[in-house]
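Report on one structure; see the data block that follows.
Since every read-out is calculated from the coordinates, none of them should be taken as a lab result. This structure is a prediction, so every number in the text was calculated from the model and none was measured. Here the Cβ is made from the backbone with ideal geometry for all residues, glycine too, and neighbour counts use every protein chain on show.
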Amino acid sequence: MDVKEAVATAKSYVADLFAEENFSDLGLEEVSLDQQADQWVVTLGFARPWERAATGFLAVVQPGSKPRRSYKVVRISDKTREVVSLKNYDGAA
């Protein structure tokens, strides 16, 4: 599996899993190959409806506010090409 296939697999998995939440702006944040575990580690970010930018009065009170994003780490077996896990991104290296 190459890096593009790993990213496509992760995006497809997240899109399917979170489809009912009407998320938007799914994007790649980072990707690496964990050679010891033989797994691709793909971090994706997206916005949920309740995390979108403020509108109306809140936009005036908080100008320039940006939407919060959810970040998920998808681990994919390089050998089987199957998703092994999905976890919240915690910011740890």
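How much net charge surrounds VAL73 when only other residues with a Cβ under 10 Å from its Cβ are counted (Lys, Arg +1; Asp, Glu -1)? Result for the neighbourhood of VAL73: 0.
Distances between placed amide hydrogens fall under 5 Å for GLU29 paired with THR43, LEU44, GLY45, all partners being 5 or more residues away or on another chain. Once both labels are positioned 7 Å from their Cα atoms along Cα-to-Cβ, the gap between GLU5 and LEU86 label points is 2.2 nm. Panel order for TYR89, TYR13, by other beta carbons found within 10 Å of each beta carbon, from fewest to most: TYR89, TYR13. Within a Cβ distance under 9 Å of LYS87, other residues only, what is the Lys/Arg minus Asp/Glu net charge? Taking every Cβ under 9 Å from that of LYS87, the sum is +1.
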